[in-house]
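Okay, so here's the structure we're looking at.
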Amino acid sequence: MANRINLNQTSFHGAGAINEIAAEVKIRGLKKALVCSAPDLIKFNVTTKVTKVLEDAGLEYELYSDIKPNPTIQNVQHGVEAFKKAAADYIIAIGGGSSMDTSKAIGIIIANPEFEDVRSLEGTAPTKNPCVPIIAVPTTAGTAAEVTINYVITDVEKKRKFVCVDPHDMPVIAVVDPEMMSSMPKGLTASTGMDALTHAIEGYTTKAAWEMTDMFHLKAIELISKSLRSAVANEKEGREGMALGQYIAGMGFSNVGLGIAHSMAHTLGAVYDTPHGVACAMMLPIVMEYNAECTGEKYKEIAKAMGVEGVDDMSVEEYRKAAVDAVRKLSVDVGIPTKLEALKEEDLSFLAESAHADACAPGNPKDASVEDLKDLFRKLM
């Protein structure tokens with residue numbers, strides 16, 4: 001079977017990269033943007049950094065901000081209406097995964113109106129047309145949604161999140177500017193950073209992993225492990241390292257999938273509104289312990305990439321434990337909790353069944369039954 005790689009047509013990296021947006025818009029003949037950005041980013045003038053670039057270049061846009069941290073079907077539906085009303089022809093998504101995911105769903109439905117029932121996009125929907133052009137500007141170093149073919153929408157009515165995987169939703173341009181991330185508070189920096197680490201480690205160990213994606217994931221693990229503590233302290237080098245590390249992780253996992261740490265995190269987010277990065281961070285070491293026997297020598301390379309010393313002299317059991325311990329220590333160091341107080345025994349069956357049905361579950365290196373997933377959830381109690 002052939003291995004497929006999907007990446008942005010163009011990406012810009014480094015401080016000041018947002019200044020490239022106006023020229024790209026003009027080169028592509030685009031006329032009017034629907035700027036999708038979360039309310040807090042608008043309130044604290046983060047979105048303004050990009051809209052000023054548009055204004056200075058005489059480019060038209062309208063703002064859309066009906067976006068929740070875990071974006072809902074209704075957020076997407078309202079966004080489709082806003083795009084049409086604005087007579088826009090492209091989208092600029094500014095923010096974290098919520099803005100990006102909402103934008104992807106809007107863009108897909110505009111280009112493929114037969115999928116206007118948002119639920120019909122779940123899984124690998126057979127869309128025919130690329131979404132309207134999206135310029136993605138991340139403000140968090142975590143989701144890598146600017147370079148992935150995935151997006152996640154919350155079905156409030158059914159208390160579940162569903163994953164959509166579609167090469168047609170790829171933003172044409174990614175603008176990864178660490179200066180857009182400098183206003184992130186510590187907690188968000190930590191949680192989104194641990195989400196990025198989860199992408200890298202799950203992508204590295206997933207059943208579909210291969211040489212090219214292994215290259216991306218190991219470099220991402222190295223950069224994230226070296227940079228996250230510094231980024232949480234809002235240091236320039238840490239911000240720059242995380243901006244690049246999370247993007248490289250996205251280059252990999254988008255093309256090979258993830259595992260049950262993400263399946264379980266999606267479920268926790270849908271039921272308890274747990275921030276996605278926090279849920280990933282809590283689940284990652286637990287899932288790594290569960291998967292260890294099915295990962296060959298990969299934990300040896302993870303431990304090395306995370307800076308663990310003396311790995312070559314360790315036994316298999318020792319380097320597997322060292323990799324898990326390094327992940328757990330990084331998570332604790334940046335302030336992620338290890339327990340979820342909201343978790344209740346009576347919810348476990350629903351949580352485990354939802355995680356088992358999640359689109360990320362089949363990629364896990366070790367198959368997990370509903371009962372296995374219940375036991376893993378219990379470790380958060």
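The values are calculated or read from the model by the stated rules, or taken from the named source; none is laboratory data. Bear in mind that the values here come from a model prediction, so they are computed numbers and not experimental data. Every residue, glycine among them, receives a Cβ derived from its backbone with ideal geometry; neighbour counts consider all protein chains shown. Keep in mind that these areas ignore ligands, DNA and RNA; they rest on the heavy atoms of the full protein, side chains included. Shrake-Rupley method; radii C 1.70, N 1.55, O 1.52, S 1.80 Å.
Just a few scattered comments:
- Candidates 82, 105 - the one that is within 24 Å of residue 248 (Cα to Cα), among the aliphatic types (A, V, I, L, M) and either at pLDDT 95 or above or not in a helix (DSSP H, G or I) (or both): 105
- Entry remark, region 329-376: residues being within 20 Å of residue 205 (Cβ to Cβ), out of contact with any strand residue (DSSP E or B) (no Cβ under 7 Å at 6 or more places or on another chain) and surrounded by 19 or more Cβ atoms within 10 Å (Cβ to Cβ) number 11 in total.
- Where residue 224 falls short, out of the listed (1) in contact with a Phe, Trp or Tyr (Cβ under 9 Å, 6 or more places away or on another chain); (2) crowded, with 23+ Cβ neighbours inside 10 Å: (1)
- Scanning region 6-46 for residues that are within 21 Å of the chain's Cα centre (by Cα), closer than 14 Å to residue 95 by Cα and either of a type in the set (Asp, Glu) or outside any helix (DSSP H, G or I) (or both) gives 35, 36, 37, 38, 40, 46.
- Residue check, residue 272 surrounded by fewer than 22 Cβ atoms within 10 Å (Cβ to Cβ) and hydroxyl-bearing (Ser, Thr, Tyr): yes
Results for (1) at pLDDT below 90; (2) surrounded by fewer than 24 Cβ atoms within 10 Å (Cβ to Cβ); (3) among the aromatic types (Phe, Trp, Tyr); (4) outside any helix (DSSP H, G or I), shown as yes or no for each residue.
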{"residue": "120", "(1), (2), (3), (4)": "no, yes, no, no"}
{"residue": "132", "(1), (2), (3), (4)": "no, yes, no, yes"}
{"residue": "135", "(1), (2), (3), (4)": "no, no, no, yes"}
{"residue": "141", "(1), (2), (3), (4)": "no, no, no, yes"}
{"residue": "171", "(1), (2), (3), (4)": "no, no, no, yes"}
{"residue": "175", "(1), (2), (3), (4)": "no, no, no, yes"}
{"residue": "180", "(1), (2), (3), (4)": "no, no, no, no"}
{"residue": "183", "(1), (2), (3), (4)": "yes, yes, no, yes"}
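- The C-beta contact set for region 356-381 (first residue free of Cβ contacts under 8 Å to residues at least 24 places away in the same chain, second residue crowded, with 18+ Cβ neighbours inside 10 Å, distance under 6 angstrom, 6+ apart or interchain) comprises 370/352; 370/356.
- Selection within region 228-240: residues that are open to solvent by 10 Å² or more (accessible area, probe 1.4 Å) and not in a loop (DSSP other than H, G, I, E, B). The member of this set that is nearest to residue 158 (Cα to Cα) is 232.
- Selection status of residue 49, surrounded by fewer than 17 Cβ atoms within 10 Å (Cβ to Cβ), within 24 Å of residue 192 (Cβ to Cβ), in contact (Cβ under 8 Å) with a residue 40 or more places away in the chain and under 23 Å from the mean Cα position of the chain (by Cα): no
- Within region 335-349, being in contact (Cβ under 8 Å) with a residue 60 or more places away in the chain and out of contact with any Ser or Thr (no Cβ under 8 Å at 6 or more places or on another chain) holds for 335, 343, 347.
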